[in-house]
Structure formats: C-alpha cells, structure tokens
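S.K.: Sharing a structure below in structure tokens format, with a few things to ask.
The values are calculated or read from the model by the stated rules, or taken from the named source; none is laboratory data. These figures come from a predicted structure and were not determined experimentally. Don't worry about glycine lacking a Cβ; one is built from the backbone with ideal geometry, like all the others, and counts go over all protein chains shown. Remember, those area values only see protein heavy atoms, side chains included, never the ligands or the DNA or RNA. Shrake-Rupley method; radii C 1.70, N 1.55, O 1.52, S 1.80 Å.
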Amino acid sequence: MAAVIEAASAVQTYIDHVNPRWAQLLRVLQMDTEYALCSGVELHTTAGDVILDFLSGYCVHNAGHNHPAIIQALHRELDRRGPAMLQSHVPDLAGELGGRLCRLAGGKLEKAFFASSGSESVEAAIKFARATTGRVGLLHCEGAFHGLTCGALSLMSDRFWRGRFGPMLGDTAAVPFGDIDALREKLRTKNYAAFFVEPVQSEAGIIVPPPQYLSEVKELCSRFGTLLVLDEVQTGLYRTGKFIAAHHFNVEPDIVILAKALSGGLVPVSAVLMTDRVYNSVFDSLKRSIVHTSTFGENALAMRAGLATLDVLQREDLGVQALEMGVRLRHRLQEELRDYEMVAEVRGLGMLSGIAFRPPKSLGLRVAFESFQCIHPAMFGQVIVMRMFRDQRLLTQMCGNNFMVLKVAPPLVVSEEQIGTFVTGIRQVIHLAHHSAEFWTEAVGLAKRTVNI
Ligand SMILES: Cc1ncc(COP(=O)(O)O)c(C=O)c1O
C-alpha cells in the first residue's frame with residue numbers, strides 16, 4: 001500500500017514539476033502504466049502484467065533492457081573509482097571505445113568524438129563539415145529526423161517540430177530521399193558542406209532506399225566536394241543486421257553518427273566517427289585541441305557502457321540474429337496481414353520494420369477513416385498503438401513523421417515466440433479495425449478525452 005501511494009505521489013510530482021502534458025497524454029492513451037522491472041524484451045508492470053517491448057525506446061535497447069553483463073560492467077567501473085570527469089587526463093576507455101568503433105565502421109573512419117546525445121553529435125558534425133569544406137550550406141532529406149536542438153532541427157523539414165522555434169540555421173535545403181537527380185541539382189551549386197542522411201529513414205516511415213542510392217550519393221558528394229554524413233542514430237549498432245546500415249549499401253561515409261543503442265540503454269553516449277581529414281580540419285593545433293568539446297563526452301561510465309554494449313552485441317551475435325529474425329518477422333507479417341485492405345506494405349531491414357497503412361477503399365471503412373483524419377491525422381495510428389498496448393500488452397509506436405506507419409523494432413534479443421505473440425497481436429488489432437465498429441467508436445472517446453485537456 002505504501003509503495004502504491006509513493007508511486008502515485010511520484011507521478012503527481014512529475015506532473016507538478018516536469019511535464020504535465022506528457023503525463024496527461026499517456027493517461028488519455030491509457031498507457032500510463034508503472035513499471036517494476038524491465039528485462040530483455042519484457043516490461044513487468046507494478047500490477048503484475050508483462051508487456052513486450054516492440055519499440056526499444058526508438059532503437060535504444062538493441063541489447064535488451066538491463067542486460068546483466070552491461071550492468072555488471074557498470075558496477076565494476078563504479079567500484080574501481082577510477083578517474084571520471086577529471087577533464088585533465090587522457091581517458092583510456094575513450095581510446096579503447098573510439099578504436100573499436102572506428103574498426104567496426106571501417107573505411108577511412110579513424111577518429112571518434114564523443115558526446116551524450118544524438119542531437120549533440122549532429123551539432124558536432126555540422127561544425128566539423130563546415131570546418132572541413134569552408135562551406136556553410138547543409139543538405140538533408142525530406143521527412144528526416146536528426147534531433148531537436150536548433151542545428152539538428154534545421155535539418156528537418158517537418159513543420160510540427162520546427163514551429164515556434166525559429167529562425168533555424170540558414171542555407172539548408174531538403175531533397176526527397178532516394179532522388180539522386182534532385183540531389184545532383186543541389187550539389188552542383190557547390191554551396192553545401194554536407195549531405196546528412198539516414199541510410200534507412202526511420203521516423204519518415206521505415207524507408208529502405210533503392211540498392212544503388214547511397215553509393216551514387218557518395219560518388220556525387222565526392223565529385224562536388226560535399227561531405228557525406230550518415231545519421232546512424234537508429235540504424236547503427238546492428239539494428240539493421242550490420243554494425244552500421246552503410247555496410248548493406250557498400251558506401252564509405254565521411255562522418256557517421258551513433259547514439260541511442262551505444263548506451264546499452266543505461267548511460268547516455270553518442271559518437272561522431274570521422275576521417276582524419278575531417279578531424280584535422282578542426283583540431284589542427286595544440287591551441288585548438290579542445291576547440292569543440294562536451295563536458296560529459298568521454299566520461300568513464302558512458303565509455304564503459306559503450307564497450308560493454310559492443311561486447312554483448314558481438315558475443316551474442318545479435319547482428320546475425322537481427323538479420324535472420326527480421327526476415328522471418330516481415331515474412332510472417334506479410335502472410336498474416338495480406339488480406340487486410342488498409343495494410344499497404346510490410347517493409348524494413350534487419351530488425352527495423354514498418355507496417356505501412358493506407359486509407360481504405362470500401363465505403364463503410366472510408367467514412368470512418370476519413371472522420372478519424374478530420375479529428376487528427378495521427379488518430380488512426382494512435383488507436384492502433386493504444387489497442388496494441390491495452391488489449392495485446394505490446395508496446396509500439398507510429399513513426400514520428402509518418403502517422404501511417406507502425407514501427408516494429410524490438411530489442412535484437414527478441415525470441416521467435418515473442419515475435420509470434422506480436423504477429424498474433426497486431427493481426428487481431430488490424431482485424432478489429434476492418435471488422436468492428438468498436439475500433440472506430442473508441443476514437444470518439446479518445447478525441448473527447450483529448451479535447452477536454
Ligand atoms: C535518426 C536520429 N538522429 C538523431 C536523433 C537525435 O537523438 P537524441 O534524441 O539522442 O538527441 C534521433 C532521435 O530520435 C534520431 O532518430
């Protein structure tokens with residue numbers, strides 16, 4: 001009883017002092033669950049339920065929640081009482097992690113810069129690209145997600161994220177993902193320091209590019225003196241089956257950005273991997289040796305988390321697992337969902353998949369769907385997510401810049417049985433959407449609850 005009261009007052013304190021809107025939204029979506037313990041793919045609630053995580057904190061939990069080996073490594077690091085946050089020594093763990101990351105990424109990537117978040121690493125990459133090329137302009141793709149700090153946000157065209165926060169960086173431009181002609185037109189102006197691109201677009205709707213796209217991009221970037229920056233914040237660390245998704249496409253970037261999963265889900269850490277040319281353009285004298293830094297960047301606990309995470313991902317062969325299980329997952333979804341008219345496609349790479357929905361053609365469904373759209377374009381997806389959570393005990397989310405694609409990204413340790421549970425669960429929810437008025441009336445209640453806040 002005491003624990004329940006404590007939890008309730010902790011929620012109230014969050015509402016009072018952190019982000020009441022977020023707490024309210026979760027309540028409206030009936031997702032305001034409290035968790036007692038998270039392990040692997042399983043989220044155990046204080047009420048005694050088990051929810052399966054098919055979101056992974058947006059590709060943070062590649063190694064699974066609270067992996068015992070990562071926890072043990074962090075305990076040891078703390079017990080060692082070594083130099084942490086000294087800011088006056090050469091951190092050996094940063095060297096070890098930097099070396100491992102560069103070797104795994106391959107190509108000409110020789111140096112690593114460490115920070116604490118994906119956005120912070122995108123900011124660093126913007127500065128490094130400008131210093132390397134002496135140019136100001138930055139290119140990115142439509143629908144991209146690169147982070148919410150002002151520089152990163154300047155590389156995103158979606159108005160929802162940018163509204164009220166401008167002005168953004170000048171001299172940025174967007175091209176459609178996969179459109180090599182549009183890119184060539186921009187690059188030939190020679191205005192652009194870098195082209196930022198996710199090798200597989202995540203929040204745009206899990207979009208895998210045509211096989212030759214990225215190698216053609218690289219060729220064009222080299223020809224016109226623009227750096228190729230791959231944002232592998234979601235796709236890196238074996239999420240798509242290879243260490244970085246670039247390895248599927250035979251492309252050698254000038255800069256790679258890693259974050260999320262490098263943390264082991266426990267200690268924030270991000271990295272910018274770069275060529276020596278890029279490094280030397282920034283740090284070319286002793287005077288400039290700390291011209292770009294971040295206080296927490298190379299801290300021992302974060303570096304240890306990165307090293308322990310790599311150990312787990314490699315020892316458990318989770319890249320191979322992601323590749324094999326990802327194919328099986330998509331195959332099973334395609335089989336189970338093919339007769340539903342609102343399912344347009346199941347697509348993805350490795351353990352990063354999307355179920356793309358489309359507006360229905362049949363009259364009855366179309367009326368219901370269009371009224372959903374009038375309430376809010378995200379309403380259909382949110383009812384799917386809510387039902388998956390509440391009725392099927394499966395945690396999912398729609399893509400942030402595409403409300404018609406459900407992201408399917410469990411930890412890479414997911415089992416065949418858990419995949420089976422997911423496939424059955426999503427089929428039941430989609431079946432309901434096609435055959436039961438109850439699915440659609442739910443939205444009216446949801447809309448009323450939302451409007452009342
Ligand atoms: C592809 C991509 N890049 C960058 C970021 C920003 O990372 P962070 O939230 O750690 O700042 C995200 C966050 O979701 C992302 O998905």
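S.K.: I need the full set of residues from region 131-167 which are open to solvent by less than 40 Å² (accessible area, probe 1.4 Å) and at positive phi, in order please.
M.R.: G143, G147
To keep it simple, each residue is scored yes or no on (1) outside any helix (DSSP H, G or I); (2) basic (K, R); (3) within 16 Å of the ligand (Cβ to nearest atom).
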position: P209; (1), (2), (3): yes, no, yes
position: L214; (1), (2), (3): no, no, yes
position: T235; (1), (2), (3): yes, no, yes
position: Y238; (1), (2), (3): yes, no, yes
position: H247; (1), (2), (3): no, no, no
position: L266; (1), (2), (3): yes, no, yes
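S.K.: I would also like to ask the following. Restricting attention to region 268-284, and to residues there that are touching a residue at least 12 places away in the same chain (Cβ under 8 Å), more than 16 Å from the ligand (Cβ to nearest atom) and open to solvent by less than 70 Å² (accessible area, probe 1.4 Å), which single residue is farthest from F114 (Cα to Cα)?
M.R.: Among those residues, the one meeting the criterion is S281.
S.K.: Now for a separate question. Considering every residue within region 384-401, establish whether at least one is open to solvent by 20 Å² or more (accessible area, probe 1.4 Å), on the phi > 0 side of the Ramachandran plot and not polar (S, T, N, Q). Step through it out loud before you land on a result.
M.R.: Restricting attention to region 384-401, the residues satisfying the condition of being open to solvent by 20 Å² or more (accessible area, probe 1.4 Å) are 390-393, 395, 397, 400-401.
Then drop every residue that is not on the phi > 0 side of the Ramachandran plot, which leaves 393.
With the extra rule that they be not polar (S, T, N, Q), the set shrinks to 393.
The answer is yes; a qualifying residue exists.
A quick yes/no check of all residues on (1) at pLDDT 95 or above; (2) closer than 23 Å to K260 by Cα:
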| position | (1), (2) |
| --- | --- |
| A356 | yes, no |
| L363 | no, no |
| V385 | yes, yes |
| M388 | yes, no |
| T396 | yes, yes |
| L412 | yes, yes |
| S415 | yes, yes |
| R427 | yes, no |
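S.K.: In the list K287, K260, which residue meets the criterion of being under 15 Å from D231 (Cβ atoms) and open to solvent by 30 Å² or more (accessible area, probe 1.4 Å)?
M.R.: From the options K287, K260, the qualifying one is K260.
S.K.: In region 157-169, how many residues are in contact with a strand residue (DSSP E or B) (Cβ under 9 Å, 6 or more places away or on another chain) and in contact (Cβ under 8 Å) with a residue 40 or more places away in the chain?
M.R.: 1
S.K.: Here are some conditions: (1) away from the ligand (no atom under 16 Å from the Cβ); (2) under 16 Å from I126 (Cβ atoms); (3) open to solvent by 30 Å² or more (accessible area, probe 1.4 Å); (4) modelled with pLDDT of 95 or more. G170 meets all but one. Which one does it not meet?
M.R.: Tallying (1) away from the ligand (no atom under 16 Å from the Cβ); (2) under 16 Å from I126 (Cβ atoms); (3) open to solvent by 30 Å² or more (accessible area, probe 1.4 Å); (4) modelled with pLDDT of 95 or more, G170 fails exactly one: (4).
S.K.: Scan region 397-421 for residues that are out of contact with any strand residue (DSSP E or B) (no Cβ under 6 Å at 6 or more places or on another chain) and part of a loop (DSSP other than H, G, I, E, B) and report the count.
M.R.: Total meeting the criteria: 7.
S.K.: Do we have any residue at all in region 32-44 that's in a helix (DSSP H, G or I) and open to solvent by 60 Å² or more (accessible area, probe 1.4 Å)?
M.R.: no
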